Amino acid sequence: MMIIRAQSYDDMSRKAANIISAQVILHPASVLGLATGSSPLGTYRLLIDRHRKGDLDFSAVKSVNLDEYQGLAPDSPQSYRYFMRHNLFQHINIRPENTYIPNGLEADAQAECKRYDGVIDDAGGIDLQLLGIGHNGHIGFNEPGGAFEKGTHLVALSDSTIEANKRFFDSEADVPRHAYTMGIRSIMHARRIVLIASGKDKAQIIQKALRGPITPAVPASVLQLHGNFTLVADEDALFLLR
Ligand code: GLP
């Protein structure tokens with residue numbers, strides 16, 4: 001495990017963008033595993049800047065996103081498809097047909113999970129997986145207690161995740177109760193994993209995930225077992241790890 005210390009959110013974003021840029025420059029046909037949430041926004045802004053300056057070419061890149069709410073249409077502003085389009089995809093030259101996200105509207109959940117695992121396999125697996133972390137240690141939407149060996153599956157969101165994510169919706173009642181997520185197995189098969197974390201509110205879970213026991217009760221703790229795992233975090237998030 002490698003820990004890269006950043007001074008601030010902006011510095012964390014720059015350091016994460018550096019790693020992703022290097023990946024895309026060295027391997028233009030990379031498969032990037034992408035995340036949503038507020039943590040990666042700064043990283044995505046920097047990738048957009050670098051693309052505009054002519055330093056990054058995404059024309060051969062494929063992306064697979066971690067998760068999507070069940071029941072939200074791709075053009076719903078709270079969907080992760082919408083988030084990715086507005087915060088990254090429409091500003092860079094990635095081909096829309098090379099961007100994959102679970103389909104929140106598919107009625108047959110089992111078929112959708114199978115299809116999405118197939119998408120990842122057909123792409124040849126994930127070269128670099130970017131992750132944020134939830135306050136309860138979730139990665140993607142793998143909530144505490146889920147089995148490590150799962151591929152893509154449908155999860156019931158925990159109360160704390162619904163509470164944390166209600167800021168993106170008009171009210172808590174509007175937050176979908178279920179989501180599709182890549183499983184821990186799919187995440188752990190990525191050849192490189194970069195977890196980003198910023199802010200004092202993440203310090204406790206970062207400490208627990210990286211220094212505590214490896215257990216499904218803290219899904220991110222499994223990252224301790226990955227052979228090419230990098231944490232990029234600011235001083236606030238690393239506060240308890242000193
Ligand atoms: C959501 C996403 C996760 C993300 C987490 C943390 O629940 N499904 O992929 O890592 O929130 O979000 P934030 O970066 O906003 O703290």
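Laboratory data are not the source of any read-out in this text; all were calculated from the coordinates shown. All figures in this text were calculated on a predicted structure; none of them were measured in a lab. With ideal geometry, Cβ positions are generated from the backbone for all residues, glycine too; neighbour counts draw on all protein chains shown.
Beyond 20 Å, the tail of the calculated P(r) for the stretch 61-195 holds 43 percent of the Cα pairs. Taking a straight Cα-Cα cut-off under 25 Å and skipping sequence neighbours fewer than 8 places away in the same chain, the lysines within cross-link reach of LYS114 are LYS62, LYS150.
Among complete DSSP H helices in the chain, none has alpha-carbon atoms stretching at least 20 Å along the helix's long axis together with a mean Kyte-Doolittle hydropathy reaching 0.5. Projected label points at LEU240 and ASP108, each 7 Å from Cα along the beta carbon direction, are separated by 4.5 nanometres. Helical content alone sets the calculated 222 nm signal of the chain at -9000 deg cm²/dmol, taking -39,500 (n - 2.57) per DSSP H segment of four or more residues and averaging over every residue. Calculation over all alpha carbon pairs of the chain in 10 angstrom steps from 0 returns a P(r) of 8, 34, 40, 18, 1 percent.
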